[in-house]
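S.K.: Here it is, the structure, as structure tokens.
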Amino acid sequence: GQQNIIAQQNLVDNTRFVLEQMSRQIRMAQRDESGACSGTAKSTYTAGGASLTFIDYKSNCLTYDISVSKIRMRPSTGEAFLNLTSDDIEVNSVSFDVRGRMAQDTEQPRVTISLEAQDANLDTSKILLQTTISNRNIDVP
């Protein structure tokens, strides 16, 4: 009873923290003029899927992805990935749906993050979270 409630609260708190941290970084992304980070010149983000790469506000090439049921972040090209989710959380899936990533399109860049997670130690219900972040920098012609 109480153990399940505490586990569920830990799950919600941890996943909310990870979404908030990713959202802050994604909101401040800069356009990759050369394509060295995103893989495509004049784009703000990679195309999406199970990982997302972009230039952060400090001009680092930052990547978020999922590996072995953990959401990870690589703060800069060549650096090691860091786990963002705790060992008590099992991430079943994460996806990044990117819209308006190119400079020449007519959309403001935005990323929708969808996340499914559960407690790694208890058989509690899964949670599904989704949020959409628009880029802070105006990118509409």
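S.K.: Mind checking which residues of region 17-45 are among the polar types (S, T, N, Q), surrounded by 19 or more Cβ atoms within 10 Å (Cβ to Cβ) and either within 12 Å of the chain's Cα centre (by Cα) or assigned to a helix (DSSP H, G or I) (or both)?
M.R.: Passing the criteria: only Q25.
S.K.: Quick check on my filter: what residues within region 110-131 are exposed (fewer than 15 other Cβ atoms within 10 Å of the Cβ) and free of Cβ contacts under 8 Å to residues at least 60 places away in the same chain?
M.R.: Those that are exposed (fewer than 15 other Cβ atoms within 10 Å of the Cβ) and free of Cβ contacts under 8 Å to residues at least 60 places away in the same chain: T112, S114, D123, K126, L128, Q130.
S.K.: Of the residues N14, N4, which is open to solvent by 40 Å² or more (accessible area, probe 1.4 Å), of a type outside the set (A, V, I, L, M) and in contact (Cβ under 8 Å) with a residue 24 or more places away in the chain? Write out each step before concluding.
M.R.: On the way: N14 fails: open to solvent by 40 Å² or more (accessible area, probe 1.4 Å).
Checking each option against the conditions leaves just N4.
S.K.: Please specify each residue of region 115-141 satisfying the condition of being at pLDDT below 90 and among the β-branched types (V, I, T).
M.R.: T124, I138, V140
S.K.: I need a count of the residues in region 23-81 that are out of contact with any Gly (no Cβ under 8 Å at 6 or more places or on another chain), under 21 Å from S93 (Cβ atoms), touching a residue at least 24 places away in the same chain (Cβ under 8 Å) and polar (S, T, N, Q).
M.R.: Result for region 23-81: 4.
S.K.: Something else: Here are the criteria: (1) within 15 Å of T46 (Cα to Cα); (2) over 18 Å from the mean Cα position of the chain (by Cα); (3) of a type in the set (K, R). Tell me which single one R99 does not satisfy.
M.R.: Failed condition: (2).
The values are calculated or read from the model by the stated rules, or taken from the named source; none is laboratory data. In this text, all values refer to a predicted model and were calculated from it rather than measured experimentally. As a convention, Cβ positions derive from the backbone with ideal geometry for all residues, glycine included, and neighbour counts pool all protein chains shown. Ligands, DNA and RNA are excluded from the accessible area calculation, which covers all protein heavy atoms including side chains. Shrake-Rupley method; radii C 1.70, N 1.55, O 1.52, S 1.80 Å.
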